[in-house]
1. Just subtract the alpha-carbon distance of residue 179 and residue 40 from 0.36 nm times their residue separation and send over the number in nm, one decimal.
2. How high is the relative contact order of the chain? Use alpha-carbon pairs under 8 Å, at least six apart in sequence, and give a whole percent.
3. Once Rh is set to the Kirkwood radius over Cα pairs, what Stokes-Einstein translational diffusion coefficient, in µm²/s, holds for segment 217-260 at a temperature of 4 °C and a viscosity of 1.567 mPa s?
4. Using only Cα atoms and rounding to the nearest 10 degrees, what angle (0 to 90) does helix 249-260 make with the longest principal axis of the chain?
5. For segment 157-230, what is Rg from Cα atoms divided by 2.2 N^0.38 Å, rounded to two decimals?
6. Looking only at segment 214-247, which residues have a backbone nitrogen under 17 Å from a spot 7 Å from the Cα of residue 56 in the C-beta direction?
7. Taking the Cα centre of each part, how many Å lie between segment 234-255 and segment 132-199?
8. Give me the angle, in degrees from 0 to 90, between the Cα long axis of helix 86-100 and the longest principal axis of the Cα atoms of the chain, rounded to the nearest 10.
């Protein structure tokens with residue numbers, strides 16, 4: 001294994017020195033910007049999540065490193081054009097976490113996790129006010145996956161009472177939106193179809209939130225099941241020297257049902 005201690009005394013010093021060297025001597029790294037690196041940062045965050053889902057600790061170690069590298073990269077660029085660096089980010093984060101955890105750093109108490117969550121949200125609300133936000137929704141990131149963003153928007157609105165009082169109202173809304181999708185489809189109005197499907201997805205997301213289910217994770221779980229079961233169909237077709245596209249729907253459905261029993 002290559003001895004990397006020449007780059008610095010501590011792991012974080014070595015990583016920062018590596019980034020300095022890459023930014024200076026590597027043509028590709030030297031020409032990157034906040035905007036060009038951002039997609040990689042998002043990708044690495046998803047790969048961390050995927051490793052956690054798989055309970056793959058070897059991959060998790062690697063993916064956390066890749067994500068940390070993105071932070072180092074972005075803060076290196078920031079040190080060149082925005083007047084702050086990695087250490088500033090760490091200091092700001094530490095201060096913020098201390099402020100958001102008064103029950104840890106200012107006093108000890110016996111508040112429940114739910115009570116601490118309320119305090120956390122109150123502190124974050126004060127921070128939003130200090131930043132000049134005029135709406136509860138202002139700092140819900142636009143870059144989030146839309147399903148996740150919908151859940152966050154709904155959660156924010158619910159804090160001030162803009163919420164369905166019970167599950168029945170949400171389920172009725174889902175039924176209503178499904179009917180409106182059907183009506184738009186019958187009219188063959190593509191713009192209306194898109195709008196109504198969006199409304200339906202938003203309503204289903206609301207149901208997930210009311211039932212304390214993360215809709216993003218729920219859909220990921222279903223995507224995984226679908227992938228496994230469809231691959232079972234493909235494997236069976238290959239084992240019988242068939243092309244899956246030549247199978248009938250009834251044949252594929254029979255294999256799908258068999259896959260569900262595994």
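Throughout, read-outs are computed from the coordinates displayed, never taken from laboratory work. Fair warning: this is a prediction, and the values are worked out from it, not measured in the lab. All Cβ positions, even for glycine, are placed from backbone atoms using ideal geometry, and neighbour counts span all protein chains on display.
1. Working: separation 139, 0.36 × 139 = 50.04 nm, distance 4.00 nm.
My answer for the length gained is 46.0 nm.
2. On the way: 145 pairs, mean separation 23.0, N = 262.
Relative contact order, the chain: 9 percent.
3. Numbers: Rh = 10.8 Å.
In µm²/s, the coefficient is 120.
4. Between helix and principal axis, roughly 50 degrees.
5. Numbers: Rg = 14.6 Å, N = 74, 2.2 N^0.38 = 11.3 Å.
The value comes to 1.29.
6. 221, 224-225, 227-228
7. Cα centroid to Cα centroid, the span is 38 Å.
8. Helix 86-100 and the main axis of the chain meet at about 70 degrees.
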